[in-house]
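Reading through the structure tokens given below for one structure.
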Amino acid sequence: MPRPNPRMITFTIDGRETQAPESSMLVDAAKHGDVEIPVFCYEPKLGGPVGACRMCLVEVEGIPKLQPGCATPVKDGMVVNTQSERVKEAQRGVVEFLLVNHPLDCPVCDKGGECPLQDISFGWGGGISRFVEPKRHFVKPVELSSKIAIDRERCILCYRCVRFSQDVSEDHQLVLLERGAHSYVATFDGHPYEAPFSGNIVELCPVGALTALPYRFKARPWDIEDAGTVCTLCPSQCNVTLTVRDEKVLRALARENPEVDDGWLCNRGRFVRDAIHGPQRVTEPMIRDGGVLRPTTWERALAEAAGALARAGEHSAALAGGGATNEEGFLLARILRERLGSPHIDSRPAGKLPLELHRALAEPSLQARVSDLEHAHAVLVLDCDPVRDMPIIDLRIRKGVRHKGVALAIASQEPGALDRRAAEVVRFAPGMGGVFAQALASALGDGAEVDRLAQQAGSDAQAVRSLATLLAGTGAQDAAGQEPREVAIVWGEALASGEHGAAGVQALLTIAQRLGLAETSGAGLLEVPAEANGRGLREAGVLPNAGPGLRPSPEPGMDARSIARALAGGDLTALQLLQCDPLVDGYDRELWAPALERATTVIAHASTLTEGIAEHANVVFPAESHAEKEGTVVHPDGRIQRLRPVIGREGQTRAGWLVLADLAAQLGLDLGVNTGPEVTEQLAEAVPFYAGLTLQEIGPKGVRWQDRDAARRLHAERVAG
Amino acid sequence: MSAATAERRMLLLNDIDEPGLATREVYERRGGYESLRKALSMEPEALLTELKDSGLRGRGGAGFAMGTKVSFLPKGAAQKYLVCNADESEPGTFKDRELMQKCPHMLIEGIAIATWAAGISRAFIYIRGEYVLQADILDAALAEAREAGYVGQNILGSEHSLSLVVHRGAGAYICGEETGLLDSLEGKRGNPRLKPPFPAINGLYQGPTLINNVETLSTVPSIVKMGGEAYASLGTETSKGTKLVSISGHVQRPGNYEIELGIPSREIIYDLAGGPADGRQVKCWFPGGSSSPVLTGDDLDIPYDFDSLAKAGTMLGSGAIIVVDDSTPILDVALKTAKFYRHESCGKCTPCREGTNWTVKMLERIAAGEATPMDLDIMASVCTNIIGNCLCVLGDAMAMPIGSMIAKFRGEFEQSIEQARLAAEGALV
Amino acid sequence: MSGFASGWDQATDRDKLPAEIPSPDQVEVPAALRQEIEGHMSLYPDPTSAALPALAAAQRVHGWCSPEAIEQVACVMQVTPASLAAVATFYDMLETEPVGRHSVYVCTNISCSLRGADALLDAVKAAAEGDGELNVRAFECLGACDIAPMASVDGVYVGPLAIEDVPQLLDDVRSGRPVLPEKQLARMLVADPAANSQQYPSHPVQSVDNEGQRR
């Protein structure tokens, strides 16, 4: 669907001519003229303006009443005044009203120093209150959930938090009860506000009414430093600002990137302190001694690991996952292929996929962006549950449905959170996503095989057909042929797994072809990989059948499932686990439990001691959390993003690339890297479609490699090959 | 000749107490639904012209020209809605209640006609929940109208189809505000919405929506019957037609009266309603419900119409006159008024939520003998900070009458402050 | 079970699960109530519009909009109970604290108070003291200032009321008789003498069934 592309107009604010995008709201347009109009309730991320707080009243020439700047679109030639006595009086009046019941307990308030109410009272308020009556008093603070406290005395009823619950996360758990001056924010009958994205309300609150329990009384704004990086706890790769005090990450805030996270975080990424500083964190090298992991020195751990790998040689294998960077994956693959002579490396739990399919899926013209989910005519969620697998896009899909009328279709093996918002929901039997995709491909083609394939997939054939109609836009209600139909397909890596995986991916490509996704801008495929940096690791060469840049590897290796069988059978003896634990990370547990049991040596680069590591690793290298790491990752839509260290490494932890370089050195291989950025350089040289990429170019918001000239190299190779 | 003795034109209250008028049988016998037949034989555009020619201004409070409102609706096939605002809650107002209870078919006929003129096929009557009897009567009348084919598919064989539902509110004054009403009808809290977009463009279920008051729609059959021009010959140049006036408070014959707009207010208060009890004088009066700035006994000769009242700094509003005689302290009236708006403020916007609350507290402080005359200035200033700065008109609806009381009865307020202060001191000693 | 008005000071209970949309097998809903709510939902393009009539129906069954009542409505309407609690607490006629079965709303707005409504309310409250069956409340303008001071008794408007009427009024409520038949609004003729061209008899009296429910 068409995306806003407003022209610039000229208007006058406080006597100065200013350019601003047409129809932007005055509060935003004013910023183009360096004028700040104060707001409380206005937050475009929550949807359209509500005009509730009345803080933004300004004078617009030709309109007798003061107008809310948050809800008045700027027009060419408009004359706006924010400095007249009338405006100032109204703004002073609103501040005075807001403070009527506000306790002014700033000295003991966590928001103090970073509080919009403080700032606006100081900047626009009258400095005195004429309110002499007693203020209301409540028990405070009280728990709203296990993570959030609410102080109802401080609340100014701006509606932001309840709008988030209703219009963004759509959990409808947080509401206003009662009416007028008695209104208060609450849940139903004392139920806690537990929802995957509930933590966002803390960041939305413009006063100290909602505070995060883990952060309460931990720091003042002048005690802390904020630094930006990327969360790698899931494939969403949300951009975050981490708040640091004394080398500890105290909280995570959203660092809005409209092409990634739209300014939201999930609770897992937000309440991140335990993942970084928790008791499970590995902070020193360990080796198994007498059946127990015991701390040791780096030298001993490296020597032990190198010795074991040297002994295993081509009987070594490796898995990478989690938040492992492209650089770490790249170096790991080099060690295996260049020194150990083993091609057995993988980053996909699912099993091997033919390389031509990997390459076809990476075709730049087929890639959907996250923002396409908001603007497409139709979105198909196929064999994944976003809120579980890539939480932040759940919100983006909801936004599209709510605000843009996106037709949402779900095809999955079990009920999911988005089902209620879907125009079409089709189920298939567990593990049958690949067959389902074939049925859908057939329905979009001549339809000859729909009945047979749908039955095999355990789906209703009629539902498959009506899904095809919805996607193709050929239904009775669809206006035919007006504009190219934009369809975005969000598909889970599960589709590409198991015996039907390759056929499923082939069918997916057929679906894409039949819907014309490659030819349509704003349409495409978006894979939800099983691992947070699944895409980056594959492109860096962590695949059994591909080297860096999805180029054929000289000697094909075993995929993850075969590695497990070979370990269990004794054909492989050593396993390196780079931020990956096959017992907990979505790998086939039944295959992997005996594999780890039987392996002679398991070397883990791990930041936490999860089950498989704790029970089976012989050597454990402490790995960095995303707050400590330097390097790059690739978002599922191809956006290369940069991790920046925001704290010093915990305990004896060393940089991941350095550990691998040291290990290689012990094995007699000089990887030729002395700094982190040098690894990135090597990677950019090795991957043709990253050619010339620098950390500087990636910048704070990342860069999609498909948008760079070098992307043609993948295409050129494909055509040539 | 005074209003009480003059031959007054009755369009709405004509034989309103005739037994059985709430039934279709009696209503039809009196010529009911003939206007609908006539309207359906006309092109919607021609019908709309009649409505515009009538000059009928909305009877709910804002006084916006009904025909113009209809013409704001976008043309085309989009689903449009009509919502009849029967959430009559403005203190002092009870005219719609009388119409719905006694002549429900007139409203239904008006809706059937208006929807034809506006190209609307779905309509709702949002009636305040307290009006149980009236809602039951409307439901019964609607069932009769459906049975007779006045509502439903292809009304009287025409192309016009209409689904009509009576929706009961549950007690919230703010739902009389048109956008609060829409949210309430959508099953939400009755919070007013930001305007624009106006309901005519984006209203119920985000569709174009025409919202009219009961009295307005009940007038439509008369306009169709007599013709827009004939209707416009009643009343004054800018306030055409007849109007129901609800009069209450300190008068001897409170109730509903149908007047031609433009007659002197004195005739309504004294000749029709009998004025205050013998020996009592009019101290102040609300001319258009409790939201209108008060007038005093000196203002009784102001003609009762939209423009004359506006010129006097107040408004005709819902057409509800509340008379207060000289036995009641102005402080009591102010406190009642302010408390009402505090109770009914939805809480969405700051000045209304906090301003009504604060005003009540200041008035209570006066009553408790803890105020000084300076507090009157603060109160006036608080009212100023409310007026024009709120999301909807509820805040203004408190601030304007309270502001007018302070301005017009400052001396009495100061006396009350002093007396209450002395009483409080006395109690301490 | 407690109501909502005291929620200001309350923390949430960590032992409870988050209040999501109830799954149909989770909540038992009386069949008649379910049927009535579904009937309301069918009247609107968006079934959410049925929230007010549905809550009113649940209140008739449960006596008030208790958490249990709200959960039942939420289950039928497939919305979260919180979104219904937000609605229920907004409207004066929906009770979110336990109350007596019979409602006596005494209008204390301007016109009625000018004619003695405050004293009337005190008298009704005093006479109803200790009677758990009665829900006596001050109410804002009920739209019957022509019979001021007045009250709405289980939905039946009566007025003008004198203090002396109070014992009879309460007696009528308690015994299930039509309330003060002579003072019912339903019987009143319009005030305007020019409205009626002839003398008409007054209208019939309203009666209330035993449950204090009118519908």
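The values are calculated or read from the model by the stated rules, or taken from the named source; none is laboratory data. The shown structure was predicted, so the numbers you read here are calculated from the model rather than taken from an experiment. All Cβ positions, even for glycine, are placed from backbone atoms using ideal geometry, and neighbour counts span all protein chains on display. Accessible surface areas use protein heavy atoms only, side chains included; no ligands, DNA or RNA. Shrake-Rupley method; radii C 1.70, N 1.55, O 1.52, S 1.80 Å.
Comparison of A:Glu624, A:Glu628, A:Glu650, A:Glu611 shows that the only residue that is open to solvent by 60 Å² or more (accessible area, probe 1.4 Å) and either closer than 20 Å to A:Leu242 by Cα or not aromatic (Phe, Trp, Tyr) (or both) is A:Glu611.
Given the residues A:Asp585, A:Asp581, which is the only one that is of a type in the set (D, E, K, R), in contact with a Gly (Cβ under 6 Å, 6 or more places away or on another chain) and modelled with pLDDT of 95 or more? I'd like the intermediate steps shown before the answer.
Working: A:Asp585 fails: modelled with pLDDT of 95 or more.
On inspection, the qualifying residue turns out to be A:Asp581.
Residue under question is A:Asp670, and the condition is that it be open to solvent by 50 Å² or more (accessible area, probe 1.4 Å), at pLDDT 95 or above and closer than 29 Å to A:Gln576 by Cα; does it hold? Taking the combined requirement at face value, the residue satisfies it.
So, in region B:180-208, of the ones that are in a helix (DSSP H, G or I) and surrounded by fewer than 24 Cβ atoms within 10 Å (Cβ to Cβ), which residue ends up nearest to the other protein chains (Cβ to nearest Cβ)?
So in region B:180-208, the residues in a helix (DSSP H, G or I) come out as B:180-185, B:204-206.
Retained after the next criterion (residues that are surrounded by fewer than 24 Cβ atoms within 10 Å (Cβ to Cβ)): B:183, B:205-206.
Numbers: B:Asp183: 10, B:Tyr205: 6, B:Gln206: 10 Å.
Within region B:180-208, the match that is nearest to the other protein chains (Cβ to nearest Cβ) is B:Tyr205.
Residues in region A:91-111 that are surrounded by 16 or more Cβ atoms within 10 Å (Cβ to Cβ) and in a loop (DSSP other than H, G, I, E, B): 6 in all. From the list B:Asp136, B:Asp96, the one residue that fits, being at the interface with chain C (Cβ under 10 Å from one of its Cβ atoms), assigned to a helix (DSSP H, G or I) and more than 23 Å from B:Ala320 (Cβ to Cβ), is B:Asp136. Any chance region B:247-254 includes a residue that's at pLDDT below 95 and basic (Lys, Arg)? No; the residues of region B:247-254 include none that is at pLDDT below 95 and basic (Lys, Arg). Of A:Leu567, A:Leu537, all but one fail to be open to solvent by less than 40 Å² (accessible area, probe 1.4 Å) and outside the structural domain of A:Leu309 (by TED's automatic domain parsing); the exception is A:Leu537. So how many residues does region A:409-431 have that are more than 19 Å from A:Glu493 (Cα to Cα), charged (D, E, K, R) and either crowded, with 21+ Cβ neighbours inside 10 Å or within 25 Å of the chain's Cα centre (by Cα) (or both)? Number satisfying all stated conditions: 3.
Look at region C:96-113: where a residue is within 14 Å of chain B (Cβ to nearest Cβ), no partner that is assigned to a strand (DSSP E or B) and modelled with pLDDT under 95 sits 6+ places away or on another chain with Cβ atoms under 7 Å.
Looking only at residues in region C:151-179 that are within 13 Å of chain B (Cβ to nearest Cβ) and small (Gly, Ala, Ser), which one is surrounded by the fewest Cβ atoms within 10 Å (Cβ to Cβ)?
Here is the first cut: in region C:151-179, the ones within 13 Å of chain B (Cβ to nearest Cβ) are C:151-160, C:178-179.
Pick out the ones that are also small (Gly, Ala, Ser) and you get C:151-152, C:155, C:159.
Details: C:Ala151: 32, C:Ser152: 26, C:Gly155: 22, C:Gly159: 27.
Of everything passing the filter in region C:151-179, C:Gly155 is surrounded by the fewest Cβ atoms within 10 Å (Cβ to Cβ).
Out of B:Leu331, B:Leu300, which single residue is without any contact (Cβ under 8 Å) to a residue 40 or more places away in the chain and closer than 27 Å to B:Glu414 by Cβ? If you could, list the steps in order and put the result at the bottom.
Details: B:Leu331 fails: without any contact (Cβ under 8 Å) to a residue 40 or more places away in the chain.
Exactly one residue qualifies, and that residue is B:Leu300.
If you check C:Ala86, C:Ala82 for being facing another protein chain (nearest Cβ under 8 Å), more than 20 Å from the chain's Cα centre (by Cα) and within 30 Å of C:Leu17 (Cα to Cα), only one passes: C:Ala82. Which condition does A:Glu17 not pass, out of (1) loosely packed, with under 15 Cβ neighbours inside 10 Å; (2) part of a loop (DSSP other than H, G, I, E, B), if it passes all the others? Single failed check for A:Glu17: (2). Name the single residue, out of those in region B:1-53 being within 14 Å of another protein chain (Cβ to nearest Cβ) and among the small types (Gly, Ala, Ser), that is surrounded by the fewest Cβ atoms within 10 Å (Cβ to Cβ). The extreme case among them is B:Gly20.
Residue count for region A:60-71, restricted to those that are open to solvent by 20 Å² or more (accessible area, probe 1.4 Å), facing another protein chain (nearest Cβ under 8 Å) and not in a loop (DSSP other than H, G, I, E, B): 0.
Are any of the residues in region A:162-172 part of a helix (DSSP H, G or I) and touching a strand residue (DSSP E or B) at 6+ places or on another chain (Cβ under 6 Å)?
Taking region A:162-172 as the starting set, the residues that turn out to be part of a helix (DSSP H, G or I) are A:162-168.
Subset that is touching a strand residue (DSSP E or B) at 6+ places or on another chain (Cβ under 6 Å): A:162.
Looking for residues that are part of a helix (DSSP H, G or I) and touching a strand residue (DSSP E or B) at 6+ places or on another chain (Cβ under 6 Å), one finds at least one in region A:162-172, hence yes.
Filtering region A:101-129 to residues that are within 14 Å of chain B (Cβ to nearest Cβ) and modelled with pLDDT under 95 leaves A:Asn101, A:Gly126, A:Ile128, A:Ser129.
Taken as a whole, region B:363-372 holds at least one residue that is acidic (Asp, Glu), touching a residue at least 12 places away in the same chain (Cβ under 8 Å) and outside any helix (DSSP H, G or I).
Every residue, every condition in (1) open to solvent by less than 20 Å² (accessible area, probe 1.4 Å); (2) over 17 Å from A:Arg334 (Cβ atoms); (3) not assigned by TED's automatic domain parsing to the domain that holds A:Ala711, yes or no:
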{"position": "A:Ala546", "(1), (2), (3)": "yes, no, no"}
{"position": "A:Pro554", "(1), (2), (3)": "no, no, no"}
{"position": "A:Leu578", "(1), (2), (3)": "yes, no, no"}
{"position": "A:Gly586", "(1), (2), (3)": "no, yes, no"}
{"position": "A:Leu596", "(1), (2), (3)": "yes, yes, no"}
{"position": "A:Ala599", "(1), (2), (3)": "yes, yes, no"}
{"position": "A:Ile603", "(1), (2), (3)": "yes, no, no"}
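Among strands (runs of 3 or more DSSP E) lying entirely in region A:269-372, which contain 2 or more residues that are at positive phi?
none
Restricting attention to region A:40-59 and to residues that are open to solvent by 10 Å² or more (accessible area, probe 1.4 Å), more than 12 Å from every other protein chain (Cβ to nearest Cβ) and touching a residue at least 60 places away in the same chain (Cβ under 8 Å), the residue that is farthest from A:Gly123 (Cα to Cα) turns out to be A:Lys45. Screening region C:49-71 for residues that are in contact with a Lys or Arg (Cβ under 8 Å, 6 or more places away or on another chain) and not hydrophobic (A, V, I, L, M, F, W, C) and picking the one that is surrounded by the most Cβ atoms within 10 Å (Cβ to Cβ) gives C:Pro53.
I'm trying to understand the selection: among the residues of region C:114-150, which are free of Cβ contacts under 8 Å to residues at least 24 places away in the same chain and either more than 14 Å from chain B (Cβ to nearest Cβ) or touching a Leu at 6+ places or on another chain (Cβ under 7 Å) (or both)? Outline the logic, then answer.
Kept after step one, since they are free of Cβ contacts under 8 Å to residues at least 24 places away in the same chain, are these residues of region C:114-150: C:118, C:121-122, C:125-126, C:129-130, C:143.
Answer for region C:114-150, where residues must be free of Cβ contacts under 8 Å to residues at least 24 places away in the same chain and either more than 14 Å from chain B (Cβ to nearest Cβ) or touching a Leu at 6+ places or on another chain (Cβ under 7 Å) (or both): C:Asp122, C:Lys125, C:Ala126, C:Glu129, C:Gly130.
If the condition is being more than 9 Å from chain C (Cβ to nearest Cβ), open to solvent by 20 Å² or more (accessible area, probe 1.4 Å) and closer than 22 Å to A:Val108 by Cβ, then region A:135-190 contributes A:Lys135, A:His137, A:Lys147, A:Cys155.
Checking the structure you have, find out if any residue of region A:196-212 is among the acidic types (Asp, Glu) and either in contact with a Pro (Cβ under 9 Å, 6 or more places away or on another chain) or within 14 Å of chain C (Cβ to nearest Cβ) (or both).
Step one: list which residues in region A:196-212 are among the acidic types (Asp, Glu), which gives A:203.
Narrowing the set further to residues that are either in contact with a Pro (Cβ under 9 Å, 6 or more places away or on another chain) or within 14 Å of chain C (Cβ to nearest Cβ) (or both) leaves none.
No, there is no match, as no residue in region A:196-212 is among the acidic types (Asp, Glu) and either in contact with a Pro (Cβ under 9 Å, 6 or more places away or on another chain) or within 14 Å of chain C (Cβ to nearest Cβ) (or both).
Just one residue in the set C:Asp46, C:Asp15 is within 14 Å of chain B (Cβ to nearest Cβ) and charged (D, E, K, R); that residue is C:Asp46.
A Cβ distance below 7 Å, combined with a sequence gap of six or more or placement on separate chains, defines the contacts here; from region A:227-253, residues that are in the same structural domain as A:Pro645 (by TED's automatic domain parsing) reach no residue that is open to solvent by less than 20 Å² (accessible area, probe 1.4 Å) and of a type in the set (A, V, I, L, M, F, W, C).
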